[in-house]
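Below is one structure, written out as structure tokens; the observations come after it.
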Amino acid sequence: MAYHSGYGAHGSKHRARATPDPSSLFDDTSGGYSSQPGGYPAPGVDVAFNVNHLLGDPMATAAMAYGSSIASHGKDMVNKELHRFVSVNKLKYFFAVDTAYVAKKLGLLVFPYTHQNWEVQYNRDVPLPPRQDLNAPDLYIPTMAFITYVLLAGMALGIQKRFSPEVLGLCASTALVWMVIEVLALLLGLYLATVRSELSTFHLLAYSGYKYVGMILSVLTGLLFGSDGYYVALAWTSSALMYFIVRSLRTAALSPDSMGGPSSQQRVQLYLTLGAAAFQPLIIYWLTFHLVR
């Protein structure tokens, strides 16, 4: 019993020595972490290297300034390279449209036979924007028509229980590939024929993209009235587009500078225009016939 009593007394003295000094709970911790097991900061205590210290560090400030300069330099390089291949100002010209122009242009694409003047209007040797000139090509209608065609193709495939993301992606990519091939063929033909005109890649993209309007009308008519309605709409839209392409491209390609050239060169230019127009119905049929059953 004496042994156990001595053990208890000894243990009490040991525990008394292990009790922490209450004054240590209020030590100054502004210079670092508080006293915690394992060296971790106490909850709610701010870390010394906070945001204010980071922003006030000269090295951090210099690093941020250097990173900002690198980002600015990279942005300038990207803009410079973009302007080398694509002129943003020229691209804006083809999207300078309004509601009245879009409505009149769609009507011209569907029924172009009564239109008289096909020449692009100029103001001090600068072509008027599409919203001021109905004959000016634009990229707004081809872009929106392409998106509408993809959505309409998805709806047609869904009605026929044949929809899948892969099939819809194949339709969209096929339409884009054919348009690129058509534009490249026209550029090559213009180069080989040495045509002096102001036709650029954007012009050819616009004229090539107008076919999507006829494709939309053909597919819609086919979904509403069956295959017979589809072929009637296909014939109408194809003939209207061919007439539109011939009149527009012939006026643009046969510029006053090229009108004085040899007659053989003018014939080549005319054949190129007719070939581009004759190619439109084939592409329209190839990209739409499988959507109407």
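Please treat every number below as a calculation from the coordinates, not as lab data. Everything numeric here is computed off the predicted structure, so don't read it as measured data. Every residue, glycine as well, gets a Cβ built from its backbone with ideal geometry; the counts of neighbours run over all protein chains shown.
Could you list, in sequence order, the residues of the stretch 133-172 that are closer than 16 Å to LEU217 by Cα and of a type in the set (Gly, Ala, Ser)?
Hits for the stretch 133-172 are ALA145, ALA153, GLY154, ALA156.
Of the residues PHE202, PHE225, which single one is over 24 Å from ALA103 (Cβ atoms) and hydrophobic (A, V, I, L, M, F, W, C)?
None of the others qualify; the one that does is PHE225.
Quickly run through the stretch 187-233 and pick out the residues that are closer than 19 Å to THR273 by Cα and charged (D, E, K, R).
Hits for the stretch 187-233 are ARG196, GLU198, LYS211.
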